[in-house]
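Asker: Before I ask anything, let me first share the structure, which is written out below as structure tokens.
The values are calculated or read from the model by the stated rules, or taken from the named source; none is laboratory data. This is a predicted model, so every value here is computed, not measured. Note that each Cβ is placed from the backbone with ideal geometry, even for glycine, and that neighbours are counted across all protein chains shown. Remember, those area values only see protein heavy atoms, side chains included, never the ligands or the DNA or RNA. Shrake-Rupley method; radii C 1.70, N 1.55, O 1.52, S 1.80 Å.
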Amino acid sequence: MKFNILNKFDDHKKFLVELPKIVQRMDYFKILYSPKEFSSELLYAISRACHHICLVTLYLEDDQGGKKIIDALFRVKQIRPKIRIIILVDWHRAKRSRIGSGSAKKCTNIDWYIDLINKYPNTEIAIYGIPINVSEVLGVLHLKGFIIDDQILYSGASLSDEYLHVNAKYRYDRYHIIRNRQLSNIMLDYIDKELLSSRVINKLGCESSLGKLNKHSKNDIRLLRRNLRRVCYCYQGNATFNELAIAPLVGLGKNSELNQTIYHLICSSKSKIILCTPYFNMPNVLINTLIYLLHKGRNIEIIVGDKIANDFYIPSNKPFTLISVLPYLYELNLRYFLKKLQNYIDNKQLTVRMWREGNNGYHVKGIWVDDEWQLLTGNNLNPRSLRFDLENALLVHDPCKMLLSQNNKELNTIRLHTSSIMHYTSLQHISNYPIKVGQFLHRIRKLRFDRLINRIL
């Protein structure tokens, strides 16, 4: 992703002005503030659905949370047999159990889907596995949005115990309920035309869905990927620049419309920018843009997760695994970033907050600019999201600040369990990490292998 930082401010604003947008009613836009509230609203929306339910998620987990969702879907299907119900998950992710779960269970989510179809053979609920690339490492289905009739429950959350806060531990995200028939149709049309029409789609729940990729299927995946790089949401905008509106965005690859919008959105700031990401692993183009904006006098706030709030974190008293190095690598990225910009922290122009609440997880993503724009997205703002994964977002334009009260409440809720980093030395140095972690990081940094890891994980 190559952009010219020196573009005039008016060029960035022009890009945003020219994006087609659809009108959004203020009273049909609701922000939720906790995973339990989100879980309740999702189950309630499913129970009241009449026409269609389309759940798009990285994974639907074989646990209590996932089973609650499935049970709700089967109940509504029995009550309203004509309702269309489809679930889209990443195919590669469905074929394995969770990394770092430590579970001895060998069954995958696909095995569970097969059991479900065998248990309810006459109930038409379709679960589709979407392979975005030939390997999970090279790209996954990272679209977000639970489309239920004329509303979208938009969240970065997947469907599992932690995201739905079924037990004591939870994973915190953002949650929005948006009622907008045009937006619902736009997102559903994209799924039908660009994803479900592909030859590589796997209908999970049958024995053949466990198969391996062959030469022909790999080629079909490459064709799908090539097409997804070219297409976007297809719609006619009906909003003026002076009313509450939403621009739905979708993209794959470094030059996607979504990536361009992220860049122009950040550069359009006149005073302040707020960024949330669970993993501090921003690509150089975003890092350089933020540094340039600090030089120009903008105020920037970044809210990231503590390494303990990372889903790959494993306590030092547990067996060492290679994947458990990731939270430490992200913390080193942040430490290096802050070291270069310590003077902006000292003059209060740069604020960096770290989220931690017990052993719970942090999965919040988003961008807020000048109380006028906000980006709802599952995009992690890292090289992987910008290059490999299929991502989407909803760009909300609120020129009259109709959502300001809700937005401020959401941001204050996010900040509730954060602490400000006043100096880069308050973050651990590599010498203070567990011995095996430190040794491994020293080794990969010496070989510059950490750069490759940052690009793909």
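Asker: May I ask which of K144/K193; K169/K409; K307/K436; K36/K144; K14/K339; K21/K169 have a Cα-Cα span longer than 27 Å here?
Answerer: K14/K339; K21/K169
Asker: For K95, give me every one of the aspartates and glutamates with a C-alpha distance below 18 angstrom, ignoring sequence neighbours fewer than eight places off in its own chain.
Answerer: Partners within reach: E61, D62, D63, D111, D115, E136, E207, D389.
Asker: Label points 7 Å out from Cα along the Cβ direction at S271 and E37: separation in nm?
Answerer: Once both label points are built, they end up 2.6 nm from each other.
Asker: Given a 1.4 Å probe and every protein chain left where it sits, what share in percent of the accessible area of the stretch 162-267 is carbon and sulfur?
Answerer: 45 percent
Asker: Would you mind working out the magnitude of the charge dipole of the stretch 142-268 relative to its Cα centre, with +1 at each Lys and Arg C-beta and -1 at each Asp and Glu C-beta, to the nearest 20 Debye?
Answerer: Charge dipole, the stretch 142-268, about its Cα centre: 740 debye, nearest 20.
Asker: Next up: Tally Lys and Arg at +1 and Asp and Glu at -1 over the other residues with C-beta under 12 Å from the C-beta of H429: what net charge comes out?
Answerer: Every neighbour counted, the sum reads +1.
Asker: Given R₀ = 60 Å, FRET efficiency for S419-N122 by Cβ-Cβ distance, to 0.05?
Answerer: In this case the efficiency is close to 0.65.
Asker: Same structure again: What percent of all Cα-Cα pairs in the stretch 117-264 falls in each 10 Å bin, counting up from 0?
Answerer: 9, 30, 37, 20, 4, 0
Asker: So, with +1 on the Cβ of K and R and -1 on the Cβ of D and E, and no other charges, what is the size of the charge dipole of the stretch 40-148 about its Cα centre, to the nearest 20 debye?
Answerer: It comes to approximately 220 debye.
Asker: Leaving out ligands, DNA and RNA, what percent of the accessible area of the stretch 329-457 is carbon and sulfur, probe 1.4 Å?
Answerer: 51 percent
Asker: Let me ask another. Simple spin-label model, 7 Å along Cα-to-Cβ: K340 to S316 in nm?
Answerer: Computed distance between label sites K340 and S316 equals 2.9 nm.
Asker: Past the 21 Å Cα-Cα mark, which pairs from K270/K401; K8/K340; K318/K446; K8/K401; K270/K348? Spell out each step's value before the answer.
Answerer: Numbers: K270/K401 16 Å; K8/K340 26 Å; K318/K446 26 Å; K8/K401 25 Å; K270/K348 17 Å.
With Cα atoms farther than 21 Å apart: K8/K340; K318/K446; K8/K401.
Asker: Can you give me the accessible area per residue for the stretch 290-372, using a 1.4 Å probe, in Å²?
Answerer: Value for the stretch 290-372: 40 Å² per residue.
Asker: Using Cα pairs under 8 angstrom and six or more residues apart, how large is the relative contact order of the stretch 34-99, in percent?
Answerer: 43 percent
Asker: Return the distance in nm (one decimal) between the two label points of a simple spin-label model at K82 and D27, each offset 7 Å from Cα along Cα→Cβ.
Answerer: Going by the 7 Å Cα→Cβ label model, 3.0 nm.
Asker: Could you tell me the center-to-center distance, by alpha carbons, between the stretch 412-441 and the stretch 354-385 in angstrom?
Answerer: The stretch 412-441 and the stretch 354-385 have Cα centres separated by 18 Å.
Asker: Using Cα pairs under 8 angstrom and six or more residues apart, how large is the relative contact order of the stretch 362-413, in percent?
Answerer: Reported as a whole number, the value is 32 percent.
Asker: In debye to the nearest 20, how big a dipole does the chain give about its Cα centre with +1 on each Lys and Arg Cβ and -1 on each Asp and Glu Cβ?
Answerer: Rounded to the nearest 20 debye, it is 1320 debye.
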